[in-house]
Amino acid sequence: MKAATKKTSAKPKAAADSAAALKAPEPAEFDKDQELAAYRGMLLIRRFEEKAGQLYGMGFIGGFCHLYIGQEAVVTGLRLAMKDGDQMITAYRDHGHMLAMEMEPRGVMAELTGRRGGYSRGKGGSMHMFSKEKNFYGGHGIVGAQVPLGTGLAFANRYRENDNVSLTFFGDGAANQGQVYESFNMASLWKLPVVYVIENNRYAMGTSVTRSSAETDFSHRGLSFKIPGVQIDGMDVRAVKAAGEMAIDWCRSGKGPIILEMQTYRYRGHSMSDPAKYRSKDEVQKMRSEHDPIEQVKARLIDKKWASEDELKAIDKEVRDIVADAAEFAQNDAEPDVSELYTDILR
Amino acid sequence: MPVEILMPALSPTMEEGNLSKWLKKEGDAVAAGDVIAEIETDKATMEVEAVDEGTLGKILVAEGTEGVKVNTPIAVLLQEGESSDDIGSAKPAASPKPEASDKSDADTPKETAKDAGGKARQASDEPSAQKEAAKAPAAPKTEAAADPDIPSGTEMVPTSVREALRDAMAEEMRRDADVFIMGEEVAEYQGAYKITQGLLQEFGAKRVVDTPITEHGFAGVGVGAAMAGLRPIVEFMTFNFAMQAIDQIINSAAKTLYMSGGQMGAPIVFRGPNGAAARVAAQHSQDYAAWYSHVPGLKVVQPYTAADAKGLLKAAIRDPNPVIFLENEILYGQTFDVPKLDDFVLPIGKARVHRRGKDATIVSFGIGMTYAVKAAEELAGQGIDAEVIDLRTIRPMDMQTVLRSVKKTNRCVTVEEGYPQSSVGAHIASEIMVHAFDYLDAPVMRVTGKDVPMPYAANLEKLALPNVDEVIAAVNAVTYRS
């Protein structure tokens, strides 16, 4: 109903010029190798997160731990659209992003368990991890704070006159933060190469978008700043990749920022201690059985006879082994030396 | 081998829970992600999801059982090809508390993790790490280098603080193409306080960037650019407005190096006028020295003279850490001698003895120095020879210079415009008490701004700020002359 009223209501003229002109591209056509790569990439994230949840339950992981299960297609599809040199930055639901940026599962898991082999040597934890080498800029624990930072990465790209693009991820919750709009304004004013990826998983912790957001079409959130945006099926990795390519090309060609609203869903609670009573089991089950990003790829692979059940099982086994190895390492690696307490405060 | 399913912990503090319901029964096939049981804690009912696929071989804890400790095996999951006969050989999916390897075994190359993970759940105890893992190591001591020697015969040029700051930025921008300045009115307007005068003309709009009035946003953009390797100077029109941006300054700029295990930091300077100007009242008159000096990961500089402003701003721009550079509007127009040198850089973290003396130590910084210096002059006329120390850097603080002086004079007065509680002077007093208690002949006295929001009325404003008479009175008090 809401969508219908939106279509008929008169949009401001200028906004229509800049934003409505932009259409979501058709989902990308994947060949066999691309489907398999997407399948493996998403499966790695899912199995990793399941293991993280398990280790949390066993007491190996402390504090806050936010799992990405259900949202795998978003980061996987966008990674397929990025080139080396493009940067990624996100909030605290970040494990999937790190794996997609090819950070070592061992290093990520050991950071979750607070061990010396973790990416931050055990000093950052689940929400605060970085890899300069892999162009992953965190891992940020304050809702929305990564948005100006990601805009700053784009500022540096423009300053250095390279053609890199900053992919700045945030959720539907962060989309209501004031600093997001301060960033939109500057990014548009200065034509910064930044793709704002709004991962709309429908719930800001326990508050649904309809209860928290006056405008629930997040692709329109840039209209006042002349930033175009599109809504994308974030459960379909092909749709995500196509949108990512379109958006990154947009930025690389100097047109300034762009918004991708990725409509996605997290299966688990906001964090490990969230019983998720704000939504029905049926809602979760429906997403899992009808829209699961991994099952979609799997079905296509089987359907097109690009892979047999056994071949897919072999991939699953390979991924499970990687995750088991990471978990083994993360449980047995030593805690940081006490001398680390006072290191890395100043350079 | 069959896998044991353990009672999970579902929050950082959960120690036990009730197994309220089994959703699968023995013999059921289970896929990863299937909800197999519900458990109840004091806070909520939570679902237990299977992590592995297999067949539920045996339920070890019946539904309705209360007070099941975290990590108790609650069921056994059979994997492909296994039957209930294999149940005896079950092993936990992973041991929650890996056995500590024999520490005396010198051949064990790897330090074992002991029970780090399990410990985290003993939430009712005190934090685990402290309990057994020995005491925290001592904080490392740092000592800043001394000021560079100024060759004899160097020409001294009378320069305003305003010009000195501009010269510092211009020199550093000439030296390093990665240095740029952003802020409100820094470019076309030539600076709200004319600190950036001429920079746009010399360096162009790419490196002298006017921002919209969005402190939170542009502070974050600056930090992001710094994380990418640029060297931003972010000007706040006043530090009062930086309160809008304090999350980015502290959570993003100051903590990233630590949180990234040293991989990524933010070489950035946040600068602008700080403290009271004149008659701008409560929201525009506040000294943030104590605020920022509280935060590990920041350096905090607050110069008084033009030479220090120049040498320290150049150092701040070159520093690989985030530096808070607190200026003062009233000092902008004051003129001091600045050595005419090609590259005059001063060390951050080093205090300067502004006036030698033997009877009492006055420690101050920034505009507080104007009261300290005048008081010392007047006291000299009264036969009191005060030593005046200009801290210049608030963090890291050069306590050695202060302590050396106090051990000589046995008395100390601190002077600052900030509020009294948790002030810079309070910290200095505490350090002196710990490190020079036996040298003190009198309690350390603090002269600070009054514990009130800055009033607008001229007479009240004057009362709210420290003044020379208060400094003299404090020195008289510590020398028992009052």
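None of the figures in this text is laboratory data; all of them are computed from the coordinates on show. All figures in this text were calculated on a predicted structure; none of them were measured in a lab. Using ideal geometry, Cβ is built from the backbone for each residue, glycine included, and neighbour counts are taken over all protein chains shown.
Annotations
- Shown here is the pair-distance distribution of chain B: with all Cα-Cα distances grouped in 20 Å bins from zero up to the longest one, the shares run 20, 38, 24, 16, 2 percent.
- Beta bridges per DSSP with both ends in the stretch B:323-482, % antiparallel, nearest 5: 20 percent
- Gyration tensor (alpha-carbon) shape descriptor, the stretch B:1-65, a/c threshold 1.5: prolate
- Residues in the stretch B:186-226 that a label on B:Lys340 would reach, taking backbone N under 16 Å of a point 7 Å out along Cα→Cβ: none
- Taking 20 Å as the cut-off, the amide N atoms of the stretch B:290-316 that come nearer than this to a point 7 Å along the Cα-to-beta-carbon line of B:Gln197 belong to B:304-311, B:313-314.
- Principal-axis analysis of the Cα atoms of chain B puts helix B:468-478 at an angle of about 70° to the longest axis.
- Taking 0.36 nm per residue of separation and subtracting the Cα-Cα distance, full extension of the segment from A:Glu215 to A:Ala314 would add 31.2 nm.
- In order along the stretch A:201-209, phi translates into HN-Hα couplings of 9, 6, 9, 8, 6, x, 9, 5, 4 Hz, rounded to whole numbers, per the Karplus curve 6.51 cos²θ - 1.76 cosθ + 1.60 with θ = phi - 60° and x for Gly and Pro.
- Put simply, the amide H of A:Ala204, placed in the peptide plane, has neighbours under 5 Å in A:Val209, leaving out anything fewer than 5 places away on its chain.
- Relative contact order, percent, chain B [alpha-carbon distance under 8 Å, six or more residues apart]: 11 percent
- Extension gain for the segment B:Ala457 to B:Ala44, taken as residue separation times 0.36 nm less the Cα-Cα distance, is 143.1 nm to one decimal.
- Under-5 Å amide H pairs with B:Cys412, H placed in peptide plane, nonlocal only: B:Thr361, B:Met445
- Here the 3J(HN,Hα) profile of the stretch B:164-181, calculated from phi with Karplus coefficients 6.51, -1.76 and 1.60 at θ = phi - 60°, is 4, 5, 5, 4, 4, 5, 4, 4, 6, 6, 5, 6, 9, 5, 7, 7, 9, 10 Hz, Gly and Pro shown as x.
- Principal-axis analysis of the Cα atoms of chain B puts helix B:215-227 at an angle of about 80° to the longest axis.
- Between amide H atoms placed 1.01 Å from N, distances below 5 Å from B:Arg271 occur with B:Val234, B:Glu235, B:Phe236, B:Phe325, all of them 5 or more places distant or on a separate chain.
- Sorted by Cβ density within 10 Å, fewest first, the residues A:Met205, A:Met287, B:Met259: A:Met205, A:Met287, B:Met259
- Counting beta carbons within 10 Å around each of A:Tyr342, A:Tyr196, B:Tyr419 and listing the fewest first gives the order A:Tyr342, B:Tyr419, A:Tyr196.
- Relative contact order %, the stretch B:296-446, counting alpha carbon pairs below 8 Å whose residues are six or more apart: 25 percent
- Remark: the stretch B:419-424, residue by residue, has Karplus-estimated 3J(HN,Hα) of 5, x, 6, 6, 7, 4 Hz, where x stands for each Gly or Pro and the curve is 6.51 cos²θ - 1.76 cosθ + 1.60 at θ = phi - 60°.
- Mean separation of Cα contacts under 8 Å, 6 or more apart, over the residue count of the stretch B:365-413: relative contact order %: 30 percent
- Share antiparallel - DSSP beta bridges, chain A, percent rounded to 5: 10 percent
- The ranking of A:Ile198, A:Ile315 from fewest to most other beta carbons within 10 Å of each one's beta carbon is A:Ile315, A:Ile198.
- Members of A:Lys32/A:Lys313; A:Lys83/A:Lys255; A:Lys123/B:Lys314; B:Lys194/B:Lys299 lying beyond 21 Å, as alpha-carbon distances in this model show: A:Lys123/B:Lys314; B:Lys194/B:Lys299
- In this structure, B:Asp85 and A:Asp249 have a Cβ-Cβ separation that, at R0 = 51 Å, corresponds to a calculated FRET efficiency of about 0.25.
- Net +/- balance of residues flanking B:Val61 in space, Cβ distance below 15 Å, scoring K and R +1, D and E -1: -2
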